[in-house]
Amino acid sequence: MPPNPADLVAQALTGNRLALARLLTLVESQTDSAIEALNLIFPATGNAHRVGITGAPGTGKSSLTNKLAQTIRRRGETAAILAVDPSSPFTGGAILGDRIRMRECAGDPGIFIRSMASRGALGGLSLTTNAAAEVLDGVGFDWILVETVGTGQAEVEIASLAHTVIVVEAPGLGDEIQAIKAGILEIADLILVNKTDQPGALRTESALMAAFHAAERPAYRHHSDIDQSGIIPPTSKDGWSIPILRTNAIDGEGVDAVLARVLEHRTFLQESGQWQAKETQRMQHAFEQSLRHALYTAWHDALPGDAYDDLLRQLNNRAISPQQLARQTVQAWLTGSKSESNRHIS
Ligand SMILES: Nc1nc2c(ncn2[C@@H]2O[C@H](COP(=O)(O)OP(=O)(O)O)[C@@H](O)[C@H]2O)c(=O)[nH]1
Ligand SMILES: [Mg+2]
């Protein structure tokens, strides 16, 4: 029997882990029940700090996310981890990091971990990720850490869901080049040079600094350097200067400083009004994506048997361009809806 959305929400709100897991599965399905569940939990949302953690595979995102969650726990706060991996679930790196994560975080009721199935999500990955984050926010997690692989467009989209975006780099992977190419640095609020125990970490850091200067986007090195030199960090366009911090995700060195910076970023966003602006933007984004999805589904569901194939045939015959066909289709649909009659074009 399919779960009752109201029951699931009520149980998840009491802290029931099994109900929470089932609720997440439900909202990922994007069915009517999923929409009902999201609507029920929505009034309880709006309290979590959402942090996106992105970067190339193998840079240490999963390891860092675990350490960050543990640092959060030491503050007496709770963290939910959403691991979004658009690659195959059978790629070694992701599995390894996740296994370590399971061992380190298992049994702590203040940490919840969820891997997101990313393939085949209707309306795109960010729609389901946002839905999952809403649920975790609604049931009261203080922090939502969203780990995504930095491959280009996907994580730029994910960045629109986060208040704070952490970009992870590491030596030996050529990521500084990759990151710049993919435009990942554009979305960074903090940059971590992880694996500082490995040779080449300083070179990675220098490459990053150079990339920022070339892009005329100010960044600065970690706090200790600034304190020593007394240099006041430059200010970026939006008024936030992007720190480059060194971490070691194995022994956790530097992770306390990362959380301190994320908290500073929160204060900055709140005081500048950007926190609220991001919230508004995110809800608008979710609304528009849902609207597109709902309109398309409503149109498609109303089509009689082979009407869609007919449309494709017109395209294949080059009888009409895709753009013109889309316009005519919508016009015909609207006219049909108004007259409550046939809602497809023939
Ligand atoms: N030496 C070293 N290895 C690290 C560090 N952080 C992560 N690793 C290792 O790098 C590999 C990839 O880490 P993982 O967290 O799965 O990276 P992800 O693919 O970005 O999530 C694993 O073998 C980690 O143990 C670090 O700071 N130093
Ligand atoms: Mg990972």
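When you count, for each residue, the other Cβ atoms within 10 Å and take the mean per peptide, how do 134-146, 306-318, 46-58, 247-259 rank with the highest first?
134-146, 46-58, 247-259, 306-318
If a/c stays under 1.5 just call it rounded; otherwise compare a/b with b/c (prolate if a/b is bigger, oblate if not). Do that for segment 1-44, with a ≥ b ≥ c from the square roots of the Cα gyration tensor eigenvalues.
Oblate is the answer for segment 1-44, as a/c is 1.5 or above yet b/c matches or exceeds a/b.
Could you give the size of the charge dipole of segment 281-342 about its Cα centre, using +1 on the Cβ of each K and R and -1 on the Cβ of each D and E, expressed in debye and rounded to the nearest 20?
Dipole of segment 281-342, to the nearest 20 debye: 280 debye.
About its Cα centre, what dipole magnitude does segment 1-72 give when the only charges are +1 on Lys and Arg Cβ and -1 on Asp and Glu Cβ, stated in debye to the nearest 20?
So the magnitude is around 440 debye.
Could you run the Karplus curve 6.51 cos²θ - 1.76 cosθ + 1.60 with θ = phi - 60° over segment 41-55 and give me ³J(HN,Hα) per residue in whole Hz, x for Gly and Pro?
Per residue, the Karplus-derived 3J(HN,Hα) values read 8, 3, x, 8, 8, x, 10, 7, 8, 9, 10, x, 10, 9, x Hz.
Which whole-Hz couplings ³J(HN,Hα) result when phi for each residue of segment 298-305 is put into the Karplus expression 6.51 cos²θ - 1.76 cosθ + 1.60, θ = phi - 60°, listed in order with x for Gly and Pro?
Per residue, the Karplus-derived 3J(HN,Hα) values read 4, 5, 5, 5, 7, 6, x, x Hz.
Using Cβ counts within 10 Å as a stand-in for footprinting exposure, how do Thr204, Thr71 rank, fewest first?
Thr71, Thr204
Coordinate-derived values only; no laboratory data. Note that the structure is predicted; figures quoted are calculated from it, not measured. Positions of Cβ are backbone-derived with ideal geometry, glycine not excepted, and every protein chain shown enters the neighbour counts.
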